[in-house]
Every structure is written in structure tokens, then in C-alpha cells.
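Comments concern the structure below.
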Amino acid sequence: MARIVQKFGGTSVADIDRIKTVAQRVKKEVDAGNQVAVVLSAMAGVTNQLVTYAREVSSLHDAREFDAVVSTGEQVTAGLLALALQDKGVAARSWQGWQIPIRTDGAHGKARIMGIEIEELERRLALGEVPVVTGFQGLGPDNRITTLGRGGSDTSAVALAAALKADRCDIHTDVDGVYTTDPRIVAGARKLDKITYEEMLEMASAGAKVLQTRAVELAMKRGVRLQVLSSYGDGAGTLVVDEDEIVEKEMISGIAYDRDEAKITLVGVADRPGVAAGIFGPLAEAGINVDMIVQNVSADGKATDLTFTVAKGDLDRAVRVVEELRDALGYADLVYDPNVVKVAVIGVGMRSHAGVAQRMFQALAEKGINIQVISTSEIKVSVLIAEEYTELALRSLHAAYGFEDD
Ligand code: ADP
Ligand code: ASP
Ligand code: MG
């Protein structure tokens with residue numbers, strides 16, 4: 001007997017027929033003698049709709065009420081799946097975050113899970129009941145509902161698997177595993193049998209939304225055996241593993257992209273100590289995360305340009321913050337552009353192969369794509385390019401690293 005946490009994403013529970021199919025999948029594991037806990041997303045599109053409702057009522061919304069609204073989609077699917085399971089003769093009960101409770105910090109909209117009280121779930125699992133848990137939500141310190149950030153049901157599932165010491169955490173989604181790049185954009189993308197936690201973490205943080213970044217982080221930290229597989233077929237998915245479980249290390253294991261970037265350039269910034277701190281301090285205080293940063297030394301020792309990126313949704317606020325600093329910093333001009341995309345190539349093999357970045361630059365150059373910003377880490381090279389070239393860049397890079405023949 002194994003203990004399994006099964007998570008099903010939005011498209012997998014998008015309508016009643018699919019919820020019945022999910023019930024069948026859960027029943028199969030129960031019939032095989034396993035203890036199963038399920039974590040669900042809202043029906044596809046529902047969370048977006050709820051976000052729109054909240055924004056239409058109030059653009060500068062109260063974060064607590066925003067979470068009260070956007071967390072409701074999961075309540076519907078959890079209740080429906082519990083009903084569908086009962087209908088098939090499987091004992092099941094739905095659980096919202098506050099009922100367990102799944103305790104989080106108070107950062108509404110991007111809360112972190114602090115702990116899960118599992119006693120009652122343990123008791124019911126032992127009796128053969130299937131808990132169907134709402135993903136994406138928890139209970140904050142002031143006893144109000146919090147949400148974990150978009151795609152957060154993955155993190156709910158991993159956190160539950162860690163708390164229940166589950167043997168496996170299966171993330172069921174609308175693709176049958178983790179691919180070399182988004183299979184919806186590059187038709188020739190290849191499914192990976194295995195990927196390391198580290199690579200998956202970089203892929204997720206570089207925009208591959210197949211798993212939420214925090215879910216991978218938590219799985220890595222708590223040693224949760226994580227698998228991504230299709231909600232529909234029975235084939236093997238992708239296993240997220242430790243590096244020593246992968247014998248043949250490819251130079252690159254994946255290419256990710258993130259359209260949620262906007263670029264800001266300060267032209268003619270004084271080249272003196274304290275300028276960067278003077279810019280990024282106020283941005284951090286305003287709760288704005290900065291991703292890529294480039295600055296060169298000035299040729300004349302006087303002034304240089306400074307470029308950085310923020311999430312598209314933070315662009316207006318970031319521009320406002322930097323404009324207010326104009327007198328203090330004395331820069332010449334401020335320009336910004338939301339029409340950019342970050343493309344990243346990722347692989348632990350980079351540590352032992354030279355020329356990874358060069359191959360990327362060459363492939364983009366051959367297509368006439370200009371690179372605006374470059375940043376690197378030990379196992380990742382990222383570039384910022386114009387958004388209109390997203391698909392062309394992904395396809396060319398995919399071919400350049402030998403993932404396909406075209
Ligand atoms: P769910 O609702 O099941 O959580 P998501 O939409 O959040 O599903 O994530 C699955 C999607 O992630 C896929 O449909 C695919 O378009 C996208 N995706 C992006 N990069 C990758 C990748 N490298 N491998 C697989 N899927 C990817
Ligand atoms: N329903 C939430 C979202 O759309 C959480 C999730 O699907 O993981 O972001
Ligand atoms: Mg998701």
C-alpha cells in the first residue's frame with residue numbers, strides 16, 4: 001500500500017465530464033489499495049474570471065477581500081469531486097484550506113504555507129476516506145482566507161504530500177509531462193523522462209508554468225517524490241529527481257520563456273557609489289521585485305545607462321517610484337517597454353560544457369533577433385528580446401540545441 005497525493009489542474013476539472021474522469025482515476029488508486037488525498041484547482045478560466053470581477057469592483061483592492069473572492073473556484077471543484085467519488089462508491093469528503101487548516105503567513109495573494117494540521121486527515125485516510133482538498137488557499141494568522149499565488153495548487157499538493165509523508169505527489173495536468181520547451185508553442189518539443197529539482201526550479205522560475213516555482217522548491221527541500229503526468233492517458237510522465245539519479249547529463253534540458261516582464265531604462269545615470277542602492281531600495285520598499293539588471297561602467301567616468309526588468313503588472317508603479325527619484329538621482333531620461341519576453345536555456349550540463357551561451361546568441365543572431373539584456377547563473381542563460389519574436393526564438397533555440405532536426 002502506498003500513500004499518494006494526486007493533484008489535478010484547471011483543465012482537468014474544467015467540466016462535469018472531466019470531473020467524473022478524475023473521480024475514475026482516483027478510484028483506480030483506491031481500488032489498488034492505496035491511501036489517496038486529492039488536491040484540486042478551480043475549473044479552467046474560473047480564477048481569471050474571479051480576478052477580473054475583483055478588479056472591476058476595485059482596482060486598488062483590499063487584499064483580504066480579493067483572496068476571499070479568488071479562492072472560491074476551488075471550493076466548487078472540491079465539492080463536486082467529493083460528490084462524484086461518493087457516486088462511484090468511494091468514501092470522500094471535501095476540505096477547504098481553513099477547515100484542515102492549512103496555515104499560511106499573512107501575505108495575501110502570495111502567502112506561504114507555514115504548517116498543515118493533519119491529525120483529522122490521517123484518521124480519515126486510515127478509515128479509507130479520500131480527502132479532497134482545495135488547492136491555492138490557506139488560513140492566515142488573522143483567520144482570514146489567503147491565496148498562494150497563481151498556479152498555487154501545485155504548492156498545496158506538495159505541502160500536503162510533505163505533511164502526510166506521502167510516497168508520491170502526482171501532478172496531473174493537460175500535458176503528459178515536462179517537455180524540453182512549452183509543447184503548445186514548439187510542436188517538436190520532447191518529453192523528458194526525468195529532470196533534476198534544480199533544473200525544474202530554474203525552468204519554473206523562468207516561466208514554465210507546468211509547475212509553480214514554490215512547489216518545486218518545497219519538494220526539493222522536503223524530499224517529496226514529484227511526478228508530472230497527464231490527467232487523461234496512462235503513460236509515464238516526468239519524474240523530478242536528484243541530480244545523481246540522472247546518468248546522462250544533456251548540455252541543456254529545457255528552454256523556458258516568460259512574457260511577464262517589462263523593461264525600464266534610466267538614461268544618463270551618474271556613475272558614482274550609492275546610485276544602484278538609491279534606485280533599488282525604494283523599489284523594494286514599494287514591494288516591487290526586480291528581475292534582470294544591467295549596468296555598464298561609463299566611458300567618461302560620469303554617466304551611464306541602467307536597465308532592469310519588473311513584472312508587467314508592476315510597471316506603472318515602478319515607473320512612478322523611479323520618476324519620483326529623478327531629482328535625487330539626476331538621470332537624463334526614463335524609457336520603458338512592456339513588449340519584451342525573457343527566454344532562458346537551462347541545464348545542469350552547462351557546468352561541464354563550454355559554449356552554451358554562444359550557441360544561444362548565434363541562433364538568435366541568425367534569425368535577426370536583437371538581444372536587449374543578458375543574465376546568467378550556474379545552470380541558466382537568460383536573454384531579453386522583443387515579445388513578437390517569442391515563438392521564433394523558442395523554435396530556433398530548440399533546433400540549435402539539437403532537440404529536433406529542423
Ligand atoms: P494546470 O492547470 O494543470 O496547473 P498549467 O496551465 O498551470 O496547468 O500548466 C500546464 C501548461 O504548462 C501546459 O499546458 C503548457 O502549455 C505549459 N508549459 C510551459 N512550459 C512547459 C514545459 N516545459 N513542459 C510542459 N508544459 C509546459
Ligand atoms: N486556480 C488557481 C490559479 O488559476 C490555482 C491553480 O490553478 O493552481 O492560479
Ligand atoms: Mg498550474
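The values are calculated or read from the model by the stated rules, or taken from the named source; none is laboratory data. Being a predicted model, the structure only gives us computed values, none of them experimental. All Cβ positions, even for glycine, are placed from backbone atoms using ideal geometry, and neighbour counts span all protein chains on display. Accessible surface is based on the protein model in full, side chains and every heavy atom, while ligands, DNA and RNA are left aside. Shrake-Rupley method; radii C 1.70, N 1.55, O 1.52, S 1.80 Å.
Filtered by the rule that a residue be outside any loop (DSSP other than H, G, I, E, B), open to solvent by less than 20 Å² (accessible area, probe 1.4 Å), among the aliphatic types (A, V, I, L, M) and out of contact with any Leu (no Cβ under 9 Å at 6 or more places or on another chain), the stretch 347-381 gives Val348, Val356, Val381. For Ala32, indicate whether it is within 16 Å of ligand 2 (Cβ to nearest atom) and open to solvent by 40 Å² or more (accessible area, probe 1.4 Å). No, not satisfied.
Mind listing just one residue for me: the one in the stretch 250-289 that is of a type in the set (Val, Ile, Thr) and within 21 Å of Ile379 (Cβ to Cβ) and, of those, nearest to the chain's Cα centre (by Cα)? Working first, answer last.
Within the stretch 250-289, the first condition is being of a type in the set (Val, Ile, Thr), and the residues that meet it are 252, 255, 264-265, 267, 269, 275, 279, 288.
Filter once more, so that each one left must be within 21 Å of Ile379 (Cβ to Cβ): 252, 255.
Details: Ile252: 20, Ile255: 15 Å.
Here the answer is Ile255.
Just checking, does the stretch 220-236 include any residue being within 16 Å of ligand 2 (Cβ to nearest atom) and within 16 Å of the chain's Cα centre (by Cα)? Looking for residues that are within 16 Å of ligand 2 (Cβ to nearest atom) and within 16 Å of the chain's Cα centre (by Cα), one finds at least one in the stretch 220-236, hence yes.
In the stretch 92-99, is there at least one residue being of a type in the set (S, T, N, Q), open to solvent by 40 Å² or more (accessible area, probe 1.4 Å) and part of a strand (DSSP E or B)?
Initially, the stretch 92-99 is screened for residues of a type in the set (S, T, N, Q), giving 94, 96, 99.
Next, only the ones that are open to solvent by 40 Å² or more (accessible area, probe 1.4 Å) stay: 94, 99.
Subset that is part of a strand (DSSP E or B): 94.
Scanning the stretch 92-99, I find at least one residue that is of a type in the set (S, T, N, Q), open to solvent by 40 Å² or more (accessible area, probe 1.4 Å) and part of a strand (DSSP E or B), so the answer is yes.
Those strands (runs of 3 or more DSSP E) of the stretch 128-239 in which 2 or more residues are open to solvent by 10 Å² or more (accessible area, probe 1.4 Å) and more than 9 Å from ligand 1 (Cβ to nearest atom) occupy 226-230.
Among the residues of the stretch 254-302 satisfying the criterion of being among the hydrophobic types (A, V, I, L, M, F, W, C) and under 26 Å from Leu397 (Cβ atoms), which is surrounded by the most Cβ atoms within 10 Å (Cβ to Cβ)? I'd like the intermediate steps shown before the answer.
Pass one, the stretch 254-302, residues among the hydrophobic types (A, V, I, L, M, F, W, C): 255-256, 262, 264, 266-267, 269-270, 275-277, 279-280, 283-284, 286, 288, 290, 292-294, 297, 299.
Keeping just the survivors that are under 26 Å from Leu397 (Cβ atoms) gives 255-256, 262, 264, 290, 292-294.
Numbers: Ile255: 29, Ala256: 23, Ala262: 21, Ile264: 22, Val290: 16, Met292: 19, Ile293: 14, Val294: 15.
Only one residue tops the list, namely Ile255.
Every listed requirement among (1) outside any strand (DSSP E or B); (2) open to solvent by less than 40 Å² (accessible area, probe 1.4 Å); (3) at pLDDT 95 or above is met by Gly109 save one, (3).
For the stretch 166-216, filtered to residues that are away from ligand 3 (no atom under 15 Å from the Cβ) and without any contact (Cβ under 8 Å) to a residue 24 or more places away in the chain, the residue that is farthest from the chain's Cα centre (by Cα) is Ala187.
Selection within the stretch 177-214: residues that are touching a Gly at 6+ places or on another chain (Cβ under 8 Å) and farther than 24 Å from Val247 by Cβ. The member of this set that is farthest from ligand 2 (Cβ to nearest atom) is Arg214. In the stretch 68-91, the residue that is farthest from Asp17 (Cα to Cα) out of those that are open to solvent by 10 Å² or more (accessible area, probe 1.4 Å) and of a type outside the set (A, V, I, L, M) is Thr72.
The single condition from (1) over 20 Å from the mean Cα position of the chain (by Cα); (2) touching a residue at least 40 places away in the same chain (Cβ under 8 Å); (3) farther than 19 Å from Glu250 by Cα; (4) surrounded by 13 or more Cβ atoms within 10 Å (Cβ to Cβ) that Asp333 fails is (4). Among the residues of the stretch 243-287, just one is part of a helix (DSSP H, G or I) and touching an Asp or Glu at 6+ places or on another chain (Cβ under 7 Å), namely Glu243. For Leu384, the conditions (1) hydrophobic (A, V, I, L, M, F, W, C); (2) in contact with a helix residue (DSSP H, G or I) (Cβ under 7 Å, 6 or more places away or on another chain); (3) within 12 Å of Lys342 (Cβ to Cβ) are fulfilled apart from (2).
Taking Thr47 as the residue in question, decide whether it is crowded, with 23+ Cβ neighbours inside 10 Å, modelled with pLDDT of 95 or more and part of a helix (DSSP H, G or I). Walk me through how you get there before you give the answer.
Working: crowded, with 23+ Cβ neighbours inside 10 Å: yes; modelled with pLDDT of 95 or more: yes; part of a helix (DSSP H, G or I): yes.
Considered against the rule, which asks whether it is crowded, with 23+ Cβ neighbours inside 10 Å, modelled with pLDDT of 95 or more and part of a helix (DSSP H, G or I), Thr47 comes out as yes.
Scanning for something in contact (Cβ under 8 Å) with a residue 24 or more places away in the chain, open to solvent by 40 Å² or more (accessible area, probe 1.4 Å) and of a type in the set (A, V, I, L, M), does the stretch 4-27 turn up at least one residue? Checked the stretch 4-27: at least one residue is in contact (Cβ under 8 Å) with a residue 24 or more places away in the chain, open to solvent by 40 Å² or more (accessible area, probe 1.4 Å) and of a type in the set (A, V, I, L, M).
Would you pick out the residues in the stretch 1-46 that are more than 13 Å from ligand 3 (Cβ to nearest atom) and of a type in the set (Lys, Arg)? Residues satisfying the conditions are Arg3, Arg18, Lys20, Arg25, Lys27, Lys28. As a summary of the residue check, Ala54 satisfies the conditions (1) open to solvent by less than 20 Å² (accessible area, probe 1.4 Å); (2) among the aliphatic types (A, V, I, L, M); (3) touching a strand residue (DSSP E or B) at 6+ places or on another chain (Cβ under 7 Å) except for the one numbered (3).
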